[in-house]
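Below is one structure, written out as C-alpha cells; comments come after it.
The values are calculated or read from the model by the stated rules, or taken from the named source; none is laboratory data. All values reported here derive from a predicted model rather than from experimental measurement. Every residue, glycine as well, gets a Cβ built from its backbone with ideal geometry; the counts of neighbours run over all protein chains shown.
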Amino acid sequence: MGTRTYRTVLIGRGNVASHFLEALEDAGHQVLSVGGRNRTQPIPKDADLYVIAVTDSAIQSVAAEIGDVAGLVVHTAGSVAMSVLPQRNRGVLYPLQTFTKGQPVDMLQVPLFIESDGDISFLREVAGQISNCVTEMDSNRRRYLHLAAVFCCNFTNHMYRITEDMLARHAIPFSVMLPLIDETARKVHTLSPAQAQTGPAVRWNEEVMQAQISLLEREELRQLYQLISKSIHYDKLQSTED
C-alpha cells in the first residue's frame, strides 16, 4: 500500500471496536468512529471500508442501515456468517483474541481470519496492515474456531473466577496461582494438551476426587468437577488406546 490511506468507518464502541480503532489509525487509515448500534451520528456512504464491531445480534441491522455502498463492509464476529451482510462487497475480519478496554494488546501478534466474496485482495491488504498473522477461512470453519476459543479462553477464565472465589473464602490470595497458570500455558507451547494433562482425574484417584468434591459447597460446582474429571479421564483412555 505504501503511503496510501483509506477512509474507514468503524461502528461499535465496545472492547473489540476500541482495539480496532487504535490498530487502524496506527496503520494510517482515516478512521471515523460513529459509535455503536445506539448512535446519533449518521453513517457516511463514501468510505473505502466499513468495520462493524457490535454485538452479534446487532450486526444484521447495522449492515442494513449502511445499505448498498461501494466500499467493503465487514463484521468482526467469529460465530456469525458472512451471509448476514446484504452488501455485494462484503467480508469478515475476525480477530482471535480476548479484548478488554484499557488492557493493551499487540494487534500485530493477533491472528486475523478473513473471508470475502467481494474484494478479498483489499481485505487481505488491510488485515496485513494491522496483523502479522492473516489466514483466509470460510464462515463454517470459523464457527468451530470460535467455539474452540470459547472453551480455550472464556471457560478457562471462568475457572479462574471459581478459583478466585474459592481461595478468597479461605483468605488465600489468587496471586499464588499465577506461577501455576503461567506454567500451564507455557507447557502447551512445546507439548500437546494431551501430553501436558496432569491431576487426579488422569489417574482416576477416586479417594482424592471424592475428598475434593466434599469440600465444594455448591451442587453445580460438584457436578462441574465430576463432569470435567470424567472428560479428562475419558480423553486419557482414548489417548492410551490410540
Can you pull out the residues in the range 30-53 that are part of a loop (DSSP other than H, G, I, E, B) and either in contact with a Gly (Cβ under 8 Å, 6 or more places away or on another chain) or farther than 15 Å from Val73 by Cα (or both)? Gly36, Arg37, Asn38, Arg39, Thr40, Gln41, Pro42, Lys45, Asp46, Ala47, Asp48, Ala53
Return the residues of the range 108-138 that are hydroxyl-bearing (Ser, Thr, Tyr) and either touching an Asp or Glu at 6+ places or on another chain (Cβ under 8 Å) or part of a helix (DSSP H, G or I) (or both); say none if nothing qualifies. Ser121
Going by the conditions given, is Tyr144 at pLDDT 95 or above, among the aromatic types (Phe, Trp, Tyr) and surrounded by 11 or more Cβ atoms within 10 Å (Cβ to Cβ)? yes
So in the range 1-12, with the set limited to residues that are on the phi < 0 side of the Ramachandran plot and modelled with pLDDT of 90 or more, which one is surrounded by the most Cβ atoms within 10 Å (Cβ to Cβ)? Ile11
Within the range 92-124, considering residues that are closer than 11 Å to Met82 by Cβ and in contact with a helix residue (DSSP H, G or I) (Cβ under 8 Å, 6 or more places away or on another chain), the one surrounded by the most Cβ atoms within 10 Å (Cβ to Cβ): Tyr94
